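These notes concern the structure reproduced below.
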Amino acid sequence: MPGFSTILIANRGEIACRIIRSAHALGYRTVAVYSEAEADALHVRLADRAICIGPPPVRDSYLAIDRILAAARRSGADAVHPGYGFLSENEDFAAACAGAGLTFIGPPPAAIRLMGNKAQAKVRMIAAGVPCVPGYSGDGTPEGQGDARLLREAAAIGFPLLIKAAAGGGGRGMRLVKEPGELEAALTSARSEATSAFGSGEVILERALVDARHVEIQVFADALGKVVHLGERDCSIQRRHQKIVEEAPSPVVSRDLRERMGAAAVQAARAIGYVGAGTVEFLLDAEGHFYFLEMNTRLQVEHPVTELCTGLDLVELQLRVAAGEALGFGQEDVELRGHAIEVRLYAEDPYNNFLPCAGPVLAWSPAAGEGVRVDHGLAAGQAITPYYDPMVAKVIAHGPTRSDARRRLARALRESVLLGPEHNKRFLLDVLRNPVFAAGDATTRFIERDLGDDARRRPSASPGTWALAALLWSYEGREPEAHDDPWQSSGAGHFPLILRCGDDEAVLEVRLEGARAAVVRGCPGAEGPLRVALLGDEGPRRQVEIDGLRARVHALVADGALHLEDEEGALLRFSEVVPRGAEPESQTRAGDGKVRAPTSGRVVRLPHAVGAAVAADTVVAIVESMKIETSLAAGIAGTIRALAVEAGALVKPGALLVEIEPEGDGSPVA
């Protein structure tokens with residue numbers, strides 16, 4: 001029987017912290033690994049030992065098998081937990097751990113290999129009698145991956161269809177193709193992203209079930225032949241084919257359907273000799289038919305909702321099974337109690353195509369309370385870097401009913417403080433209060449069809465928020481030497497204040513009443529003056545009164561701006577406008593021929609050379625940030641005048657990438 005005492009966690013962030021907690025509870029020692037960019041990360045602080053394994057790019061650190069094995073030898077670790085992502089579904093890593101005498105806390109390499117390639121997985125599942133989505137999985141030859149063959153197979157499948165990376169998941173290398181004319185460009189893009197993310201450009205084609213639900217079954221197997229399922233999770237709400245809301249149980253799965261889907265998932269696990277925690281993912285159509293999508297041979301990001309409904313610690317079970325213990329329960333012992341919902345709090349801009357956002361974390365304080373759990377790996381003062389996934393935390397709530405869980409989760413989100421990077425908190429709150437979601441009717445088309453225009457529109461400051469910003473800026477953000485002193489011997493004075501929030505600007509007249517109250521005129525949308533007061537604060541948590549109404553907001557001044565999160569979770573930034581001539585160079589005009597990086601990242605490709613003629617919608621640069629590729633169009637028709645960077649370069653937000661000379665203009669672009 002295998003035994004181990006020290007576990008190296010070959011991962012980072014919240015999942016590393018999560019594994020460390022369960023490992024310590026069972027008495028194991030833990031070892032963290034980290035890149036040079038994360039020396040002060042929370043998972044490094046929590047572990048008993050920690051070792052740096054290289055520079056921040058994942059290929060040189062978290063994906064470097066030899067460095068991780070060397071860290072295990074040096075630290076005395078005798079087991080490795082891969083977490084999720086990175087090397088968790090890499091059969092070579094699992095085999096290398098075994099070859100080095102380390103217990104791999106995961107399934108056998110053969111199971112990872114079978115399920116790690118979607119084409120092979122579908123063939124095996126069809127043979128095992130598990131229903132699969134119709135499509136084309138290749139024929140094992142290079143010709144079977146050629147454009148000509150894929151175009152023929154796509155025509156036979158019909159549109160819309162999905163292109164998927166055969167070697168990976170998480171939405172990378174996946175493209176929805178609605179009509180034949182989009183197919184060739186989508187294949188090129190999917191292959192590029194798949195090669196970058198997984199080292200393989202192999203793809204499969206599947207019929208797109210565009211109004212289905214994404215329902216997955218958690219399975220667990222020990223090395224003695226017992227396999228059970230722990231019920232289902234509904235993960236239908238996604239962006240870029242990546243989940244952002246998950247819940248257990250599914251609001252549309254009956255007991256009978258759960259038994260049938262669970263039996264299929266158990267059969268899938270048995271068919272490949274599975275051991276440990278795994279997830280079998282299905283698409284569920286409106287008629288109750290379900291189809292195998294893939295099997296994730298690891299712990300899932302959304303495992304907490306299953307834990308809260310079953311009362312089981314899935315990481316503890318992983319450790320016990322890896323140590324050779326039998327599962328201490330049977331299928332008849334699994335009972336789902338209550339309802340749990342999880343949302344993924346991301347550093348991203350949901351109002352700009354969910355673009356990942358990097359930057360320092362100025363304040364972070366997760367909520368707590370009855371039925372609330374927040375899994376994270378973040379400490380205030382750290383930065384969100386462009387090297388890793390932009391998820392900040394998982395916020396989870398459990399309650400006796402789905403409505404209870406939904407209300408608790410919304411409150412937990414509102415009470416969690418996150419200031420600094422752009423984030424999706426307001427977007428998540430809009431999802432939770434959406435009537436389609438509240439009714440349990442959300443499908444994979446929820447964001448595109450059901451979300452509503454208000455939730456897609458970038459939030460703007462209310463009149464009261466403008467007044468509050470004027471008060472906070474007046475006594476926390478203003479540079480004393482930059483203005484006349486507003487304080488007089490006879491009391492507070494009046495002074496004008498010009499504030500900008502996004503694209504909006506306001507000239508405000510502020511009359512201070514002591515340091516914690518003011519009357520403000522000129523607030524956009526207000527019919528008259530507004531009185532605001534700061535009643536109390538605990539760090540960035542502020543209790544305020546706006547025109548007689550008391551509320552709580554999160555706010556602080558840093559980096560020359562007031563960062564304010566209103567009651568509804570909208571992150572607003574206010575800065576003072578002091579006219580000093582032209583706008584800075586980083587503020588560019590739309591259509592000026594200068595294509596700039598929208599966020600920090602790596603330049604993947606510059607498809608066209610200097611002198612090439614391009615149309616306004618021609619892609620002239622592709623930037624990868626946090627594993628997501630963003631294609632940037634020319635914006636105007638013309639000729640490429642200059643390439644300001646080379647492929648592979650790391651760039652910051654606003655960095656110039658390509659200059660385009662407009663059509664009919666022989667002069668240089670200004």
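A few comments on the model shown:
- Three-way shape call for segment 250-308 based on the alpha-carbon gyration tensor, with the a/c threshold at 1.5: oblate
- Value of relative contact order over segment 520-570, rounded to a whole percent, pairs C-alpha under 8 Å and six or more apart: 21
- Classification of segment 463-576 by its C-alpha gyration tensor yields a rounded form. The axis ratio a/c (a ≥ b ≥ c) stays under 1.5.
- Of all aspartates and glutamates in the structure, the ones whose alpha carbon falls short of 16 Å from that of K178, not counting any fewer than 8 places away in one chain, are E153, E206, D211, E448.
- Look at the dipole of the chain built from charges on Cβ: of N352, S254, S625, the Cα furthest out on the positive end belongs to S254.
- Normalised by the number of residues in segment 463-576, the average gap of Cα pairs under 8 Å and 6 or more apart makes the relative contact order 24 percent.
- In the chain, the longest principal axis of the Cα atoms and the axis of helix 13-25 are about 60 degrees apart.
- Packing around the peptides 8-14, 558-564, taken as the average count of other Cβ atoms within 10 Å per residue, puts them in this order, highest first: 8-14, 558-564.
- For the chain, the relative contact order comes to 9 percent (Cα pairs under 8 Å, sequence separation of at least 6).
- Every helix of 4 or more DSSP H residues in the chain counts as -39500 (n - 2.57), and over all residues that averages to -7000 deg cm²/dmol at 222 nm.
- For the pair segment 359-437 and segment 1-65, the centres of their Cα atoms are 24 angstrom apart.
- Classified by the C-alpha gyration tensor, segment 1-105 has an oblate form. Its axis ratio a/c, with a ≥ b ≥ c, is 1.5 or above, and a/b does not exceed b/c.
- Residues whose amide H falls under 5 Å from that of L572, counting only those 5 or more places apart or on a different chain, are L564, E565, D566, with hydrogens built in the peptide plane.
- Base-10 log of normalised Debye intensity for the chain (one unit scatterer per alpha-carbon) at q = 0.06, 0.08 Å⁻¹: -0.38, -0.67
- Pairs spanning more than 22 Å between alpha-carbon atoms, out of K394/K652; K118/K243; K164/K425; K243/K425: K394/K652; K164/K425.
- Calculation over all alpha carbon pairs of segment 213-456 in 10 angstrom steps from 0 returns a P(r) of 7, 31, 35, 21, 6, 0 percent.
We did not get these values from a lab; they are worked out from the coordinates using the rules stated. Please read these numbers as outputs of a predicted model, since none were measured by experiment. Virtual Cβ from ideal backbone geometry, glycine too; neighbours counted across all protein chains shown.
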